[in-house]
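Down below is the structure, laid out as structure tokens.
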Amino acid sequence: MKRFVRPDEIGVPRIARWMFLASALFAAVALAQSGDATQQAHALFDEYWEQTARDYPGWATWRGDHRFDDRLTDESPAARAARDEQERRWLQRARAIDRAALSAADRVSLDLFVFQRNENVEMQPFEGARTMSLGSSWGFHTGFGNLLRVMPVQTPAQAERVLARFAALPRRVDEELASLRRGIALGWVGARPVIERVLAQLDGQIELPIDDGPFMEPMRRLGSDIPAAERETLRERARQAVAMQVLPAMRKLRSFVADEYLPAAPADGALRVYPGGEQVYAKLVAQHTTLPIGPRQLHGIGLREVERLRGEIGRTMRDAGFDGSFAQWVRQLDTDPKYAQTSAEALLAGYRDIAKRIDPELPRLFAVLPRATYGIRATPAHMGPKVADSYDGPALDGSRAGWFSANALDWRERPTWGMETLVAHEAVPGHHLQAARAAELGELPEFRRDAFFTAYVEGWALYAETLGFELGLYRDPASRFGHLQWQIFRAARLVVDTGIHALGWSRQRAIDYLVETSGLDSGFVAAEVDRYTSTPGQALAYMTGMLKIVELRDRARAALGERFDIRRFHNVLLDQGALPLPVLEAVVDEWIETQRAAAR
């Protein structure tokens, strides 16, 4: 152990000794202040994590925290007001912490915490917009069934928590109806095409026989350690609860949507027609892109990227020896029997086969890979045949795998040439690799391991699709087109989302533009346009995030030359969890300088 040497032991003059002691005292005070700031920050992060588990028990379940699995969120006006006040207090406390006294890692954590709290606080004045909980692809009306899918039921106690949530649903529905009625009064109701999809999704849950419906899903996977007789007793109790509590509540919701909400729904769901809608859209654009960028600029970027990708598609058509039009090319691929699916099961098996081919290639592009597994399953039938595929991340404690949910209902409209890029996006190296890696970053505060910034998360997944060329995908013109088709679709979203909400586009104009640009099925495109209408700004994040990642990769490669390591670069992107794009840029720039310094 190194021994500390006092100044007078080495003959330091008196004035120098006083200077040394003053310097040491200053350093000690600074260290104490740093410790205070660090303790304040970590205490705040821990308090936030614990309180949100209690306030949002469904979110806690998704995170893998099952202490509150017997509850649903209290959405009474008093509870909402208390949570809003809590967000303001957290933001105030975070801003009071001495950022300069923190370590580099803690400064990033504090910046992200402030960013997230500020986002929430800035939306608080827009009461009407906050009532819009019914979307075309997800929302309150589908949330309960989706939550049940991730509840553990290995023990009798866990099954009892499912029953407790059944009992809590009627109150929760009443709270939501009060909020939606408040939205009607404020002039904030979803567009008619969106609400019609909501009704269809409600019917898909309500009209099934109880044993086949989504609410009995947990009881279909009761743990084998529960005695058989007890399992049957639990199932019978669940049937009664679904019949007496769950279905009446869902029917009440359905009646309200059909009788009160739909008649109040406008034909046009563009935010520009709502009270204060332009301000809301500006805030949503900023939230989803994490950039200081406006709708018109994003619209122009979309048009530019569409033109670029049209050129790449044209080259792919020429590589295939095809000299017809784009529409003729798509029609030929769509109708060629060799690309047709034979069944829903074959579609899922095809996705799994692609994933198995990708997995062993990943070490070529990543220095560190997550341990968490993932699976591929069918999207619940009640979501409808045109809903987009999706991904659910693993639990933070590793107790639940990640899942790519594929729309198998629409298997006849899913040609094989479009499958590889979708697996790359939803599973690996896309959403699963990113989310699983974030969940395993145990040195980060828990809120960062679960963070979600749309431009980062969806930008990474879209960028991951482009890595398919290096992973052995897209080897023929048809599969290359499948990849480019989804790329141009994401570019066209920039045009359509801003067109609808800021530039006066009609729903039909948006549908026509997307069909013409991408060649995708008009039914699917219509569902997507309704999704952009009900979740404004979200679709802007995909291409925005990917373009930033490509920019950072090109910058790092140019700066480092032969020293550039794509495997290390990818882990620089992934090893801080999800980040706003400006913070990601700062992280990459710091890594570039570190690599330069190491080479000097």
Inset, instruction - Tell me which residues, restricted to segment 561-579, are assigned to a helix (DSSP H, G or I), out of contact with any helix residue (DSSP H, G or I) (no Cβ under 7 Å at 6 or more places or on another chain) and open to solvent by 20 Å² or more (accessible area, probe 1.4 Å). - result: Gly561, Glu562, Ile566, Arg567, Arg568
Inset, instruction - Please tell me if Ala185 is more than 14 Å from Gly139 (Cα to Cα), among the hydrophobic types (A, V, I, L, M, F, W, C) and open to solvent by 60 Å² or more (accessible area, probe 1.4 Å). - result: yes
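So is Met151 over 30 Å from Gly187 (Cα atoms), in a loop (DSSP other than H, G, I, E, B) and among the aliphatic types (A, V, I, L, M) or not?
Numbers: over 30 Å from Gly187 (Cα atoms): yes; in a loop (DSSP other than H, G, I, E, B): yes; among the aliphatic types (A, V, I, L, M): yes.
Here the answer is yes, as Met151 does meet what is asked.
Identify, from the list Glu413, Glu420, the residue that is touching a Leu at 6+ places or on another chain (Cβ under 8 Å), open to solvent by 10 Å² or more (accessible area, probe 1.4 Å) and at negative phi. It would help to see each step written out before you state the result.
On the way: Glu413 fails: touching a Leu at 6+ places or on another chain (Cβ under 8 Å).
Residue meeting the stated conditions: Glu420.
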Legend entry - Matching residues in segment 82-98 - criterion: being in contact (Cβ under 8 Å) with a residue 24 or more places away in the chain and basic (Lys, Arg): Arg83, Arg88, Arg93
Inset, instruction - Would you point out the residue of segment 378-390, among those that are open to solvent by 40 Å² or more (accessible area, probe 1.4 Å) and more than 14 Å from Leu348 (Cβ to Cβ), that is farthest from the chain's Cα centre (by Cα)? - result: Pro385
Legend entry - Asn118 being touching a Leu at 6+ places or on another chain (Cβ under 7 Å), assigned to a helix (DSSP H, G or I) and either among the small types (Gly, Ala, Ser) or in contact (Cβ under 8 Å) with a residue 24 or more places away in the chain (or both): yes
Inset, instruction - Check off (1) modelled with pLDDT under 95; (2) within 30 Å of Pro394 (Cβ to Cβ); (3) in a helix (DSSP H, G or I) for Gly35 and give me the number that stays unchecked. - result: (2)
Inset, instruction - Scan segment 404-415 and report the pairs whose first residue is among the small types (Gly, Ala, Ser) and whose second residue is open to solvent by 10 Å² or more (accessible area, probe 1.4 Å) and part of a loop (DSSP other than H, G, I, E, B), with Cβ atoms within less than 8 Å and a gap of 6+ or a chain change. - result: Ser405/Thr379; Ser405/Pro380; Ser405/Asp389; Ala406/Thr379; Ala406/Asp389; Ala408/Thr379
Inset, instruction - Could you look through segment 289-315, keep only residues that are touching a Phe, Trp or Tyr at 6+ places or on another chain (Cβ under 9 Å) and assigned to a helix (DSSP H, G or I), and pick out the one that is most open to solvent (accessible area, probe 1.4 Å)? - result: Arg310
Inset, instruction - Could you check how many residues of segment 72-102 are under 19 Å from Ala178 (Cβ atoms) and either of a type in the set (A, V, I, L, M) or open to solvent by 60 Å² or more (accessible area, probe 1.4 Å) (or both)? - result: 8
Inset, instruction - Among the candidates Met250, Met216, single out the residue that is closer than 17 Å to Arg149 by Cα and in a helix (DSSP H, G or I). - result: Met216
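Tally up the residues in segment 237-269 that are open to solvent by 50 Å² or more (accessible area, probe 1.4 Å) and not acidic (Asp, Glu), please.
First, pick out the residues of segment 237-269 that are open to solvent by 50 Å² or more (accessible area, probe 1.4 Å): 237, 239-240, 244-245, 248, 251-252, 254-255, 259-260, 263, 267-268.
Restricting the remaining residues to those that are not acidic (Asp, Glu) gives 237, 239-240, 244-245, 248, 251-252, 254-255, 263, 267.
Looking only at that region, the number is 12.
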Legend entry - Cβ-Cβ under 7 Å pairs, at least 6 apart or on other chains, segment 550-574 side within 17 Å of Ala436 (Cα to Cα), far side surrounded by fewer than 15 Cβ atoms within 10 Å (Cβ to Cβ): Asn571/Val368
Legend entry - In segment 220-236, the residues that are surrounded by 13 or more Cβ atoms within 10 Å (Cβ to Cβ) and free of Cβ contacts under 8 Å to residues at least 40 places away in the same chain: Arg231, Glu232, Thr233, Arg235
Legend entry - Filtered residues of segment 333-366 (kept if closer than 27 Å to Arg437 by Cβ, open to solvent by less than 30 Å² (accessible area, probe 1.4 Å) and not β-branched (Val, Ile, Thr)): Leu348, Gly350, Tyr351, Ala355, Leu362, Leu365, Phe366
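Return the residues of segment 500-534 that are part of a helix (DSSP H, G or I), of a type in the set (A, V, I, L, M) and either open to solvent by less than 10 Å² (accessible area, probe 1.4 Å) or in contact (Cβ under 8 Å) with a residue 40 or more places away in the chain (or both); say none if nothing qualifies.
Scanning segment 500-534 gives Ile500, Ala502, Ala510, Leu514, Val525, Ala526, Ala527, Val529.
Considering only residues that are of a type in the set (Ser, Thr, Tyr), under 24 Å from the mean Cα position of the chain (by Cα) and farther than 23 Å from Thr131 by Cα, which ones fall in segment 70-117? Talk me through it step by step, then tell me what you get.
In the first step, residues of segment 70-117 are kept if they are of a type in the set (Ser, Thr, Tyr); the result is 73, 76, 103, 109.
Filter once more, so that each one left must be under 24 Å from the mean Cα position of the chain (by Cα): 73, 109.
Within segment 70-117, Ser109 is the sole residue that qualifies.
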Inset, instruction - Go through segment 148-166 and give me each residue that's open to solvent by 10 Å² or more (accessible area, probe 1.4 Å) and in contact (Cβ under 8 Å) with a residue 24 or more places away in the chain. - result: Arg149, Val150, Pro152, Gln154, Thr155, Pro156, Gln158, Glu160, Arg161, Leu163, Ala164
Inset, instruction - Just one of (1) within 26 Å of Glu528 (Cβ to Cβ); (2) under 28 Å from the mean Cα position of the chain (by Cα); (3) among the charged types (D, E, K, R) trips up Glu217, so point out which. - result: (1)
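Yes/no matrix, rows are residues, columns are (1) in contact with a Phe, Trp or Tyr (Cβ under 8 Å, 6 or more places away or on another chain); (2) of a type in the set (Asp, Glu); (3) within 15 Å of Met383 (Cα to Cα); (4) open to solvent by less than 10 Å² (accessible area, probe 1.4 Å):
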| position | (1), (2), (3), (4) |
| --- | --- |
| Ala168 | no, no, no, no |
| Asp174 | no, yes, no, no |
| Leu180 | yes, no, no, yes |
| Ala191 | no, no, no, yes |
| Val194 | no, no, yes, yes |
| Arg197 | no, no, yes, no |
| Gly204 | no, no, yes, no |
Legend entry - Sole exception among (1) in contact (Cβ under 8 Å) with a residue 12 or more places away in the chain; (2) in a helix (DSSP H, G or I) for Ala286, by number: (1)
Inset, instruction - For Val108, indicate whether it is part of a helix (DSSP H, G or I), free of Cβ contacts under 8 Å to residues at least 24 places away in the same chain, of a type in the set (A, V, I, L, M, F, W, C) and surrounded by 15 or more Cβ atoms within 10 Å (Cβ to Cβ). - result: no
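The values are calculated or read from the model by the stated rules, or taken from the named source; none is laboratory data. Keep in mind the model is a prediction, meaning the values are calculated, not measured. Reconstructed Cβ throughout: ideal geometry from the backbone, glycine too, with neighbour counts over all protein chains shown. All accessible areas refer to the heavy atoms of the entire protein, side chains included, with ligands and DNA or RNA removed. Shrake-Rupley method; radii C 1.70, N 1.55, O 1.52, S 1.80 Å.
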